[in-house]
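Everything on this sheet refers to the single structure shown next.
We did not get these values from a lab; they are worked out from the coordinates using the rules stated. None of the values given here were measured: they were computed from a predicted structure. Backbone-built Cβ (ideal geometry, glycine too); neighbour counts: all protein chains shown.
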Amino acid sequence: MRIIRGGGRSMQAEGLTRKLAAQAAAYRYDTLPAEAAFMARQCLLDFLGVTFAGAKEPLTGILHEEALGEGGNPQASLIGLPGKVTASQAALINGSASHALDYDDVQLFMMGHPSVPVAPAVLALAELYGKSGREVIAAFVAGFETECRIGAAVSPSHYAAGWHATATLGCFGAAAAAANLLQLDAEQTAVALGIAGTQASGFKSMFGTMCKPFHAGHAAMSGLLAARLAAKGFTSRPDVLEVEQGFGETQSKGLKPEAALAEPKGGSHIRGALFKYHAACYLTHSSLEASHALRRQHDLRPENIREVRVMVDKGHLRVCNIPEPATGLETKFSLRMTTAFALTGLDTASIETYSDENANRPDLMALRDKVRVEVHNKPDAQESEVIIGLSDGRSLALSANVGVPASDLGAQWEKLQNKFYAIATPVIGKGRAQELTAAINDLESIGNFADLAPLLQAA
């Protein structure tokens with residue numbers, strides 16, 4: 001296999017951007033697998049829920065204030081906030097809000113959060129141009145698949161080098177989705193990907209700050225802009241992924257075009273979406289599941305715990321291993337503190353658990369200090385093992401793996417509805433939350449997405 005490395009490009013990589021652009025441009029609702037369409041509705045419902053919750057976060061308020069000061073035509077709704085702003089501003093603010101709590105979905109091929117860069121761009125343009133629910137679903141899937149395919153081409157070296165894939169790959173996903181919604185042809189879509197690629201940035205070093213969720217919003221805004229500029233004749237390279245000194249060469253150790261073009265398991269990458277049921281970094285979820293189970297099974301009390309070892313893949317250490325988090329936001333990226341939360345019996349699905357107060361609560365800090373994070377040699381990076389040493393000399397151990405997509409999509413929809421009600425109802429009320437859930441479940445029948453706008457804005 002020949003790959004791009006240090007200049008030049010392989011014959012296999014030739015035309016990769018155009019191939020992915022052609023695929024993205026071709027997505028239509030009528031040709032989507034039924035599971036892909038159902039997964040799109042699930043992703044969109046989850047996106048709306050976490051965005052409603054994130055609308056109350058400080059960074060969202062700052063961005064909203066900036067948009068109001070900037071002004072512009074009222075084109076698209078702010079989710080969970082009053083009024084409308086420009087489509088670009090809506091993509092930025094809604095995208096940032098959706099990732100503010102780190103409670104949104106993930107996809108392992110992308111090594112990031114797929115919905116939060118794509119959905120804001122799609123929904124803003126769908127409202128502005130009166131697109132149908134079927135067009136929304138097709139465009140969303142086009143963006144989701146594109147960012148995951150590019151993720152497969154540059155992983156794992158892209159993420160390992162410090163790039164936040166939600167920001168970088170999400171920019172491509174948003175552009176592909178917006179291009180599909182605007183009905184750009186394959187060549188225009190390739191240009192849109194080029195415009196997106198030259199904007200793609202975002203560092204993992206920003207985790208634990210407002211810049212991490214800002215990455216998602218910026219990607220959504222950049223992708224939306226890329227598609228609209230391409231539609232107007234703006235120029236860019238149509239081979240941004242494979243060209244010398246392009247995205248693949250500069251942001252990975254070697255572009256893998258065959259991985260990008262391979263048929264995904266289950267027929268689509270969206271089928272592999274994983275949803276969060278704990279309001280923290282996804283890489284803490286396997287250890288959280290194991291910790292909760294051990295506490296329930298053995299009726300554990302923190303005072304009886306002598307030590308805790310959390311065994312994880314080495315990649316976790318550079319993502320969610322803040323040893324002594326000082327803020328609620330930092331606790332979301334701390335294997336030690338999230339384990340302490342679970343073993344104390346706190347509800348890790350609750351947004352309120354991840355507070356500044358809990359980050360500095362003496363009993364939680366004492367248990368946190370008993371937790372050691374170590375590296376395992378298991379073949380599956382998503383598997384984690386929790387080993388607890390008790391004061392009576394006993395040792396307990398349990399492994400968990402949250403990296404396996406759900407087999408029962410109907411049951412998953414029920415879980416996502418419950419999550420949506422829990423986090424959206426405090427913002428928009430029970431009645432509107434139920435009405436919006438029903439609308440997303442029947443999104444195919446919506447003739448004009450703008451009709452849903454009143455349900456999206458603040459109550």
Next on the checklist: Classify region 282-401 from the C-alpha gyration tensor, please: rounded if a/c falls under 1.5, else prolate or oblate depending on whether a/b exceeds b/c.
Outcome noted: oblate
Checklist entry - Can you list the lysines whose alpha carbon sits under 18 Å from that of residue 378, skipping same-chain ones fewer than 8 residues off? => result 314
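Using R₀ = 30 Å, calculate the FRET efficiency as 1/(1 + (r/R₀)^6) where r is the Cβ-Cβ separation of residue 307 and residue 157; round to 0.05. Don't skip to the answer; put the middle values down first.
Details: r = 35 Å, r/R0 = 1.18.
Computed FRET efficiency for residue 307 and residue 157 comes out at 0.25.
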Next on the checklist: Under the 0.36 nm per residue contour assumption, what length would be gained going from the current alpha-carbon distance of residue 408 and residue 232 to full extension?
Outcome noted: 59.0 nm
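As a footprinting exposure proxy, order 354, 29 by other Cβ within 10 Å, with the fewest listed first.
Numbers: 354 27, 29 19.
Starting with the residue having the fewest Cβ neighbours, the order is 29, 354.
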Next on the checklist: Taking 0.36 nm per residue of sequence separation and subtracting the Cα-Cα distance, how much length would be gained by fully extending the chain between residue 198 and residue 265, in nm to one decimal?
Outcome noted: 21.1 nm
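Just add up the charged neighbours of residue 420: K/R +1, D/E -1, any other residue whose Cβ is under 11 Å from the Cβ of residue 420.
Numbers: positive: 415, 419; negative: 46, 414.
Taking every Cβ under 11 Å from that of residue 420, the sum is 0.
Based on the mean of other Cβ atoms within 10 Å per residue, sort peptides 377-388, 150-161 so the most packed one is first.
On the way: 377-388: 18.5, 150-161: 21.6.
Highest-to-lowest ranking by the protection proxy: 150-161, 377-388.
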Checklist outcome for this item: Those cysteines in the chain that have no second cysteine Cβ within a distance under 4.7 Å are 43, 148, 171, 211
Checklist entry - How much net charge surrounds residue 51 when only the other residues with a Cβ under 12 Å from the Cβ of residue 51 are counted, with Lys and Arg +1 and Asp and Glu -1? => result -2
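Run through region 345-416 and list the trypsin sites (Lys or Arg not before Pro) located in a DSSP loop whose Cβ has at most 16 other Cβ atoms within 10 Å.
On the way: sites: 368, 370, 372, 394, 415; in loops: 370, 394.
In loop regions of region 345-416 (DSSP not H, G, I, E or B), the sparsely surrounded trypsin sites (Lys or Arg not before Pro) are 394.
How high is the relative contact order of the chain, in percent, with contacts defined as C-alpha pairs under 8 Å that are six or more residues apart?
Working: 1004 pairs, mean separation 94.4, N = 459.
Relative contact order for the chain comes out at 21 percent.
How much length, in nm to one decimal, is gained on full extension between residue 438 and residue 314, taken as 0.36 nm per residue of separation minus their Cα-Cα distance? Could the numbers behind the result be given before it?
Numbers: separation 124, 0.36 × 124 = 44.64 nm, distance 4.19 nm.
Between residue 438 and residue 314, full extension yields 40.4 nm more.
Given an 8 Å cut-off on Cα distances and at least 6 residues of separation, report the relative contact order of region 121-224 as a percent.
Working: 141 pairs, mean separation 36.0, N = 104.
Relative contact order of region 121-224: 35 percent.
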Item to check | Ranked list, fewest to most other Cβ atoms within 10 Å of each Cβ, for 193, 409 | outcome: 409, 193
Checklist entry - Roughly what % antiparallel, to the nearest 5, for the DSSP beta bridges in region 282-401? => result 75
Checklist outcome for this item: Taking R0 as 25 Å and r as the Cβ-Cβ distance between residue 299 and residue 374, the FRET efficiency 1/(1 + (r/R0)^6), rounded to the nearest 0.05, comes to 0.45
